[in-house]
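Each remark here refers to the structure printed beneath this line.
Taken together, the values in this text are just the output of simple stated rules run on the coordinates, not laboratory data. Model, not experiment: these values are computed from the prediction. Here the Cβ positions follow ideal geometry from the backbone for every residue, glycine too, while neighbour counts run over all protein chains shown.
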């Protein structure tokens, strides 16, 4: 936990994965550290901690964000969805199966961020997404194991039911 000299703290009230939470935390605590250390939601992975790798991707008010770049205080009053909050999401369920079928999983470190980003895309699409749209969406998620082809194919498969 990153403390500010002088002990500056803020109250954070948010809805996280459908549950109301309230914590008093250091003012400069990242949303990623808040989720992992204060709420024990460890599906939000920390990779680069510079917003480059996408492993910490969560949704805030329905939009993908890098939780390592956002302060917990900035999520005050917001609805935050982590990969754990997608347990019953229809897009996530189809995506998990498709990732398995298309060998889009290897070490799994990047997977939570990819699932969150892909679910945001599928949730806002009114028709199945095109390959270039999937690649653009996932361009902020680095995977060092798969080469992306299986991941893109999985998102395209999961997106086939969008709009039908």
By Cβ neighbour count within 10 Å, fewest first, 24, 44 rank 24, 44
Averaged over all viewing directions, the convex hull of the alpha carbons in region 88-161 casts a projected area in nm² of 4.2
Short to long, in 10 Å steps from zero, the percent of alpha-carbon pairs of region 9-85 per bin is 23, 60, 17
Under 18 Å by backbone N from the virtual spin label 7 Å along Cα-to-Cβ at residue 48, the residues of region 112-140 are 112-118, 135-140
quick shape note, the chain: Cα extents on principal axes in Å, largest first -> 52, 31, 23
Hits in region 60-104: amide N under 19 Å from the 7 Å Cα→Cβ extension of residue 136, namely 63-66
The chain, Gaussian network, Cα under 10 Å: of 43, 62, 147, the residue fluctuating most is 147
